[in-house]
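Below: the structure, in structure tokens.
The values are calculated or read from the model by the stated rules, or taken from the named source; none is laboratory data. As the structure is a prediction and not an experimental result, all values here were calculated from the model. Using ideal geometry, Cβ is built from the backbone for each residue, glycine included, and neighbour counts are taken over all protein chains shown.
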Amino acid sequence: MAKTSKAWDKSNIVKTWGIYSAQNVGLKGEPFKLSRTKIDMFLECPLCFYLDRKLGIARPSMPSFTLNVAVDHLLKKEFDIHRANGKAHPMMEKYGLNMIPFSHPNMDQWRENFVGVQYLHPQTNFLVFGAVDDIWQSLGKGGKPGALSIVDYKATSKDGEIELEDTRWHNQYRRQMEIYQWLVRNNGFEVSDTGYFVYVNGKKDRAAFDGKLEFDVKILPYTGKSDWIDDVLIRAKKCLDSDTVPAQSPTCEHCEYRLEARKAYEKHIGKKK
Ligand code: SF4
């Protein structure tokens, strides 16, 4: 007899934890924890955000990008060596950056998923959080510590030079950087508008794999603006407080698929009765 595959886990989609409830409504309610990825979800599609954060229906899970996670992990280890020594990474010197990896007792907490850097936004009572990859500190005259810069590691594999292009993904990267800048600034640190992406590009032009993947490493500076965040959080709060279900995104094909699939299914079942 053929083996049946492992049952699909419904709890991946129907969630009972971390959803917006009556306890969170208004400014006097319980603070509501909101990650920077959910802020991005609200910007992409308020309906998906509402379904996820208020009605407890999450988007279907995606396979995790394990190779990217491995690269992030190794980059963190590499920069941590220089952090412990209070010295610049050779890449910083190559790019003429008078900086060192920032040392702080909370660094591990700020980099931990689901914890990260946190800030209670007073206008919404959202406890906004996001886990940074790294923070660097500029050095002034005589090595005097200066402003901090947010750093994000990115891994890809594509032909040609890596640039920050005007694509959906890269716009997400920009927003991610800007939210981290805003979070760290709101924790009382001086944060430069200039952040850095440490972008590694897996080379495909090697003769063979030979058990290793080689990368070109590039540092891309980015000047962020955080002036949009207050307004977006206020709109996200209004969205959750409202009983009106937002409209679906006109640029997303998945809802249309879901509705059409449902209609076709019901028509088919109706014919059989
Ligand atoms: S339109 Fe797309 S993003 Fe929005 S709720 Fe539907 S599936 Fe989610």
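Across segment 231-244, the number of residues qualifying as within 15 Å of the ligand (Cβ to nearest atom) and part of a loop (DSSP other than H, G, I, E, B) comes to 1. Kindly indicate the residue of segment 252-273 that is modelled with pLDDT under 85 and more than 8 Å from the ligand (Cβ to nearest atom) and also surrounded by the fewest Cβ atoms within 10 Å (Cβ to Cβ) among those meeting that condition. Only one residue tops the list, namely LYS273. For ALA247, the conditions (1) part of a loop (DSSP other than H, G, I, E, B); (2) surrounded by 11 or more Cβ atoms within 10 Å (Cβ to Cβ); (3) in contact (Cβ under 8 Å) with a residue 12 or more places away in the chain all hold with the exception of (2). Taken together, the residues in segment 19-57 that are within 12 Å of the ligand (Cβ to nearest atom), among the hydrophobic types (A, V, I, L, M, F, W, C), touching a residue at least 40 places away in the same chain (Cβ under 8 Å) and out of contact with any helix residue (DSSP H, G or I) (no Cβ under 6 Å at 6 or more places or on another chain) amount to 3.
May I ask you to verify whether ALA247 is closer than 23 Å to MET177 by Cβ and within 16 Å of the ligand (Cβ to nearest atom)? No; evaluated as a whole, the condition is false for this residue.
Within segment 193-215, residues that are touching a residue at least 60 places away in the same chain (Cβ under 8 Å) and closer than 28 Å to ALA147 by Cβ have Cβ atoms under 6 Å from residues that are in a strand (DSSP E or B) and of a type in the set (Val, Ile, Thr) in these pairs: TYR196/VAL151; TYR196/ILE219; VAL198/ILE219; VAL200/VAL217, counting only partners at least 6 apart in sequence or on another chain. Note on segment 66-92: among residues that are without any contact (Cβ under 8 Å) to a residue 60 or more places away in the chain and of a type in the set (S, T, N, Q), the one that is farthest from SER138 (Cα to Cα) is THR66.
Per-residue answers, yes or no, for (1) within 19 Å of GLY116 (Cα to Cα); (2) among the aromatic types (Phe, Trp, Tyr); (3) out of contact with any strand residue (DSSP E or B) (no Cβ under 9 Å at 6 or more places or on another chain); (4) buried (at least 19 other Cβ atoms within 10 Å of the Cβ):
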site: ILE162; (1), (2), (3), (4): no, no, no, no
site: GLN181; (1), (2), (3), (4): yes, no, no, yes
site: PHE189; (1), (2), (3), (4): yes, yes, no, no
site: LYS212; (1), (2), (3), (4): no, no, yes, no
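Across segment 5-60, which residue is farthest from the chain's Cα centre (by Cα) among those that are modelled with pLDDT of 85 or more and at positive phi?
So in segment 5-60, the residues modelled with pLDDT of 85 or more come out as 19-59.
Checking which are at positive phi leaves us with 26, 56.
Details: GLY26: 26, GLY56: 20 Å.
Per the stated criteria, the residue is GLY26.
Taken together, the residues in segment 191-210 that are among the hydrophobic types (A, V, I, L, M, F, W, C) and crowded, with 16+ Cβ neighbours inside 10 Å amount to 4.
Looking at GLU266, GLU260, GLU256, GLU165, can you tell me which residue is more than 30 Å from ASN24 (Cα to Cα) and assigned to a loop (DSSP other than H, G, I, E, B)? First the steps, then the outcome.
Values: GLU266 fails: assigned to a loop (DSSP other than H, G, I, E, B); GLU260 fails: assigned to a loop (DSSP other than H, G, I, E, B); GLU256 fails: assigned to a loop (DSSP other than H, G, I, E, B).
When all the criteria are applied, what remains is GLU165.
Within segment 174-188, one or more residues are more than 16 Å from the ligand (Cβ to nearest atom), assigned to a loop (DSSP other than H, G, I, E, B) and more than 27 Å from VAL25 (Cα to Cα).
For PHE129, are the conditions met, namely being surrounded by 15 or more Cβ atoms within 10 Å (Cβ to Cβ) and in a strand (DSSP E or B)?
Yes, satisfied.
Take the residues in segment 110-120 that are surrounded by fewer than 20 Cβ atoms within 10 Å (Cβ to Cβ), at pLDDT 95 or above and closer than 26 Å to GLY29 by Cα, then tell me which one is farthest from the chain's Cα centre (by Cα). Please lay out each step first, then the result.
Of the residues in segment 110-120, the ones surrounded by fewer than 20 Cβ atoms within 10 Å (Cβ to Cβ) are 111-116, 118-120.
With at pLDDT 95 or above added as a condition, the list becomes 111-112, 115-116, 118-120.
Imposing the further condition that a residue be closer than 26 Å to GLY29 by Cα reduces the set to 115-116, 118-120.
Values: VAL115: 13, GLY116: 11, GLN118: 14, TYR119: 16, LEU120: 18 Å.
Among those residues, the one meeting the criterion is LEU120.
Criterion applied to ALA88, ALA84 was being small (Gly, Ala, Ser) and touching a His at 6+ places or on another chain (Cβ under 9 Å), and the one residue passing it is ALA88.
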